[in-house]
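The values are calculated or read from the model by the stated rules, or taken from the named source; none is laboratory data. Here the structure is a predicted model, which is why all the values come from computation and not from measurement. Here the Cβ is made from the backbone with ideal geometry for all residues, glycine too, and neighbour counts use every protein chain on show.
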Amino acid sequence: MLKYRILTAIILTPLVILIILKSSYEFYALFIGIVMLLAAWEWSDLAGVKSTVLRVVFVGATALGIFSLYAWSELIDLISKLMETTQLIEYSGVIDWIVIPAVIWWIFISVVLKHFPGKMLKLKPKRRTKIFVGWFVLVTACVYMTRLYFYGTDTILFFLFMIWFADIAAYFAGKRWGRTKLSPEISPGKTVAGLYGALAVTVLYTGVACQLLGFSGQRTVDFIMLSLLAVMFSVSGDLFESLLKRWRGVKDSGRMLPGHGGMLDRIDSMIAAVPVFYLGLVLMSENYL
């Protein structure tokens, strides 16, 4: 299992990095969109949609939501350029603040999973509820993962490596020192030691990255705090997907990625972390730009 996981990562990681560094914004947005639509296909199965036609409809609705926000952003930017004014919504700023409902959702889920894991496990939400939640979290994650491009490809890579390193640290710290389960009802494999390992590596990684980028002391502290917050929410994303799989009675969301399961298994942490990380960047930009 670990062998296939490592092999898949060795193949896919350089490809993802190459796409981020060498592609245009449009191609990068298309790539992220395809990843999210593959995840949407798997989400529809976890939600209990058995009809292939209805699963295709859900993927299409997700694509429409993503495209609508993307088109809105591009239209406002185009109008701003044609009118030669910055008084319109800079960077389609309304879309920036739509991130707030996504962050509120993940705060809610984090609190509920921490305090009521047993009740959540016994809960039997309706299929349409799971479908709507999936549409919302996938569309928002796609939009804000795409909009990280405006902060530079180095920011995208910083975010991805942060999530990857935290995931790796959690796995090995949990294997070595994990005794106390983080949420045994929902995900017996996750441990408190794993969480602490992920947070420790996040502090180290962010501190080194900020020094290499020449950030000031205060900005480094701000980025460390933001990174810790994003990683903690990434754990909530992982746990929430585990809950979906337990409701559905499956181990993985799919078989697309050997050693990792499905696409949703690979990006569940990122889906929850990116709205929080993006909102932090927006707030920090007010102070540092």
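Here are the numbers for the structure shown:
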read-out	value
Any hit, segment 88-99, residues being surrounded by fewer than 21 Cβ atoms within 10 Å (Cβ to Cβ), out of contact with any Gly (no Cβ under 7 Å at 6 or more places or on another chain), among the small types (Gly, Ala, Ser) and modelled with pLDDT of 95 or more	no
Those residues of segment 120-133 which are over 14 Å from Leu239 (Cβ atoms) and assigned to a helix (DSSP H, G or I), in sequence order	Lys122, Arg127, Arg128, Thr129, Lys130, Ile131, Phe132, Val133
Residues of segment 170-195 that turn out to be within 21 Å of Met120 (Cα to Cα), part of a helix (DSSP H, G or I) and not hydrophobic (A, V, I, L, M, F, W, C), as a count	0
Any hit, segment 247-259, residues being surrounded by fewer than 20 Cβ atoms within 10 Å (Cβ to Cβ), in a helix (DSSP H, G or I) and more than 20 Å from the chain's Cα centre (by Cα)	yes
Output for segment 4-47, where each listed residue is surrounded by fewer than 16 Cβ atoms within 10 Å (Cβ to Cβ) and not in a helix (DSSP H, G or I)	Ser23, Ser24
Residue list for segment 224-249, filter: over 27 Å from Leu123 (Cβ atoms) and free of Cβ contacts under 8 Å to residues at least 60 places away in the same chain	Ile224, Met225, Leu226, Leu228
Any hit, segment 142-163, residues being at pLDDT below 90 and over 19 Å from Ser242 (Cα atoms)	yes
Positions within segment 4-24 being among the β-branched types (Val, Ile, Thr) and touching a strand residue (DSSP E or B) at 6+ places or on another chain (Cβ under 9 Å), in sequence order	Thr8
